[in-house]
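Below is one structure; the comments refer to it alone.
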């Protein structure tokens, strides 16, 4: 998208990278330095009450910087990237209209792309989705994958789990277009700068293990118990979150606390690897060392160029 120079909006600054790399802290520091406000792009931090297990930034840690799109959903609701795109762009426009800088912070790759890139989202049809889900249960995933192979071989080769295969068939049934045709191009919707936090992978592995142990000490199991009482299990997105899924098994007597901790650590490390793979594939990201003493100064400098 191009703008006449006199109408060109301030670039959105996005802080991206794997979980545990310090994105939230850098977002606050950038906002303080650039008269900005933070916009959350972490899908699990939309959920009210999911604080300990998502390492949600506290009021004290926000240092007075306004934060948007935190605590917008109940755990029973399903996060929608299409809804996020609409809400996020409205918030960014509002921030910029007040002469401030929008600082997008998050590690949910598709949500970051939805906020920043030219990206179209097809609609949904609950009845069609239910039919496909029932077919998957009765005939098996292989049957649905075979159907997807016929109409969208690109998606069939790329998608593995039942939820995504069902979604791809739903989109084809609604639009007559293959799901793969809706995949984003690397084209910004409006001017943007992405700052990625480059990590030492072994140090990150150690940090993530320590982080999970600290979450448990801070009351993760008690948080899961509270959320279970208000419908956590019925939430398709929230119930599968790292730590929450494992500690629901503790409540059910299927895992010990120690086993849940280890399972969460393994899953978190795997998630961080997937995040790194996702973000490393985007050549537009400016990478900075997460432990550089000059990190904030360099990030501010990148935002000013």
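Readers should treat all values here as calculations from the given coordinates under stated rules, not as data from a laboratory. Note that the structure is predicted; figures quoted are calculated from it, not measured. For neighbour counting, all protein chains shown are included, and Cβ atoms are generated from backbone atoms with ideal geometry for every residue, glycine included.
Data table
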read-out	value
Highest average packing first - 118-126, 296-304, Cβ atoms within 10 Å	296-304, 118-126
Cβ crowding within 10 Å averaged over residues, with 151-157, 44-50 ranked highest first	44-50, 151-157
Cα→Cβ-extended label distance, 7 Å offset, between residue 174 and residue 210, nm	4.4
Gained length - residue 259 relative to residue 233, 0.36 nm times residue gap less alpha-carbon distance	7.4 nm
Packing-based order for 228-234, 133-139, 91-97, using average beta carbon neighbours within 10 Å, highest first	91-97, 228-234, 133-139
Cα centroid separation, the stretch 51-83 to the stretch 210-270 (Å)	18
Pair residue 240, residue 58: separation of 7 Å Cα→Cβ label points (nm)	3.2
Helix-only mean residue ellipticity at 222 nm for the chain, each DSSP H run of n ≥ 4 adding -39500 (n - 2.57), per residue, nearest 500	-15500 deg cm²/dmol
